[in-house]
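Undergrad: Attaching a single structure in structure tokens format; questions to follow.
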Amino acid sequence: MFSRLVIIGVGLLGGSIGLAAKKYGLAQTVVGVGRTQKTLDIALRNGIIDQSYLLLEAVPPPTLHDQILVVVCTPVADITRNILAAIQHFGYSEHLLLTDVGSTKTKQVQEISDLRFIGSHPIAGSERNGPDAADAELFQNRLTVLTPTKYHPADNITLLRRFWETLGSHVIEIDAAKHDEILAVTSHLPHVLSVILTQTVQEDERPFTGTGFAGMTRLAAGSPEIWRDILVDNSDPLLNALHRFNSQLQKLMIALQKKDTKTIEQLLHNAKSVLVES
């Protein structure tokens, strides 16, 4: 599908993309660009990439018929800068396609006008980080969201869709702002609640926690730096999600104050029915 796949940021997601692309023969050469040689050496040793560079500027420029896909897998705060740097480095070519894996999208759509860039968000991951956690099957039967605009060439959208589908994803296309509103509720809010729960339990209470607490707080083990940027980048939709959550919490608190067993039981039944349906 591509003569070169250039992955900027060879961590869990970038490493998994590299492994999957090599497994399914999607690129002749997989190139990794990273901040540390140690991480790149792990990616080389694990067969994730074929070539490594500490600087994007050191990656060989495209040849006449090079078909290049650049996937930026850095924290969201760095995505725009890396996309613009890749556009500048590889220059104008109809054979260049750029995407990312960030969990926020509106900012990128607003700041990047080049129609060769189409946002992607594979909804897959782990609390583990780094290329050692990479898994070629990470995207199997997972949803990947594309956020093209009406101005993007249909051929580019189709090509990017084929790429993710070959990696095993189910692919849908939605508006970037709508994506951010949905992910604020389904991804960013759960992470925030996990973090808040860890801060609610006091130190002398921690020995009494069990598997339920561990399951509820697992998300809080994610990178603080990465999640700081996500929460700030999507602050308005997240605040709306927190207001929705607080509304439900207030209903429960009122029911507890009134010893309203009917309302409490109905809430528990509603929650269970949602889980059964999903």
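Undergrad: What single numbered condition from (1) modelled with pLDDT of 95 or more; (2) closer than 29 Å to residue 175 by Cα; (3) in contact with a Gly (Cβ under 9 Å, 6 or more places away or on another chain) fails to hold for residue 109?
TA: Residue 109 satisfies all of (1) modelled with pLDDT of 95 or more; (2) closer than 29 Å to residue 175 by Cα; (3) in contact with a Gly (Cβ under 9 Å, 6 or more places away or on another chain) except (1).
Undergrad: Residues of region 90-106 being surrounded by 18 or more Cβ atoms within 10 Å (Cβ to Cβ) and either in contact with a Gly (Cβ under 6 Å, 6 or more places away or on another chain) or not aromatic (Phe, Trp, Tyr) (or both), which ones?
TA: Answer for region 90-106, where residues must be surrounded by 18 or more Cβ atoms within 10 Å (Cβ to Cβ) and either in contact with a Gly (Cβ under 6 Å, 6 or more places away or on another chain) or not aromatic (Phe, Trp, Tyr) (or both): 96, 97, 98, 99, 100, 101, 102, 103, 104, 105, 106.
Undergrad: Residue by residue through region 186-230, note down the ones that are under 25 Å from residue 12 (Cα atoms) and of a type in the set (Lys, Arg).
TA: 218, 228 - these are the residues of region 186-230 that are under 25 Å from residue 12 (Cα atoms) and of a type in the set (Lys, Arg).
Undergrad: Do we find a residue being assigned to a strand (DSSP E or B), touching a helix residue (DSSP H, G or I) at 6+ places or on another chain (Cβ under 6 Å) and charged (D, E, K, R) anywhere in region 168-189? I'd like the intermediate steps shown before the answer.
TA: Of all residues in region 168-189, those assigned to a strand (DSSP E or B) come to 170-173.
So of that shortlist, the ones also touching a helix residue (DSSP H, G or I) at 6+ places or on another chain (Cβ under 6 Å) come out as 171.
Now narrow it down to the ones that are charged (D, E, K, R): none.
The answer is no; no qualifying residue exists.
Undergrad: Shifting gears a bit: Given the condition at pLDDT below 95, buried (at least 17 other Cβ atoms within 10 Å of the Cβ) and under 23 Å from residue 160 (Cβ atoms), answer yes or no: does some residue in region 40-63 qualify?
TA: yes
Undergrad: Right, another one. Within region 26-38, is there a residue that is part of a helix (DSSP H, G or I), assigned by TED's automatic domain parsing to the domain that holds residue 124 and in contact with a strand residue (DSSP E or B) (Cβ under 9 Å, 6 or more places away or on another chain)?
TA: Narrowing region 26-38 to residues part of a helix (DSSP H, G or I): 37-38.
With assigned by TED's automatic domain parsing to the domain that holds residue 124 added as a condition, the list becomes 37-38.
Okay, now just the ones that are also in contact with a strand residue (DSSP E or B) (Cβ under 9 Å, 6 or more places away or on another chain), so 37.
So far as region 26-38 goes, yes, one or more of its residues are part of a helix (DSSP H, G or I), assigned by TED's automatic domain parsing to the domain that holds residue 124 and in contact with a strand residue (DSSP E or B) (Cβ under 9 Å, 6 or more places away or on another chain).
Undergrad: Taking the options 160, 197, name whichever one is of a type outside the set (D, E, K, R), assigned to a helix (DSSP H, G or I) and either loosely packed, with under 14 Cβ neighbours inside 10 Å or not assigned by TED's automatic domain parsing to the domain that holds residue 122 (or both).
TA: 197
Undergrad: Specify which of the listed residues (69, 12) is assigned by TED's automatic domain parsing to the domain that holds residue 133, closer than 19 Å to residue 130 by Cβ, of a type outside the set (D, E, K, R) and touching a residue at least 60 places away in the same chain (Cβ under 8 Å).
TA: On the way: 69 fails: closer than 19 Å to residue 130 by Cβ.
Checking each option against the conditions leaves just 12.
Undergrad: Could you say whether any residue in region 175-182 is surrounded by fewer than 13 Cβ atoms within 10 Å (Cβ to Cβ) and either β-branched (Val, Ile, Thr) or assigned by TED's automatic domain parsing to the domain that holds residue 109 (or both)?
TA: No, region 175-182 contains no residue that is surrounded by fewer than 13 Cβ atoms within 10 Å (Cβ to Cβ) and either β-branched (Val, Ile, Thr) or assigned by TED's automatic domain parsing to the domain that holds residue 109 (or both).
Undergrad: Criterion first (in contact with a helix residue (DSSP H, G or I) (Cβ under 7 Å, 6 or more places away or on another chain), aliphatic (A, V, I, L, M) and within 28 Å of residue 76 (Cβ to Cβ)) does residue 255 satisfy it?
TA: No.
Undergrad: Also, I was wondering about something else. Does residue 15 satisfy the criteria of being surrounded by fewer than 17 Cβ atoms within 10 Å (Cβ to Cβ) and out of contact with any strand residue (DSSP E or B) (no Cβ under 7 Å at 6 or more places or on another chain)?
TA: no
Undergrad: Determine whether region 3-22 contains at least one residue that is on the phi > 0 side of the Ramachandran plot and within 17 Å of the chain's Cα centre (by Cα).
TA: Yes, the conditions are met somewhere in region 3-22.
The values are calculated or read from the model by the stated rules, or taken from the named source; none is laboratory data. The structure presented is a predicted model; accordingly, all values stated were derived computationally and were not measured. All Cβ positions, even for glycine, are placed from backbone atoms using ideal geometry, and neighbour counts span all protein chains on display.
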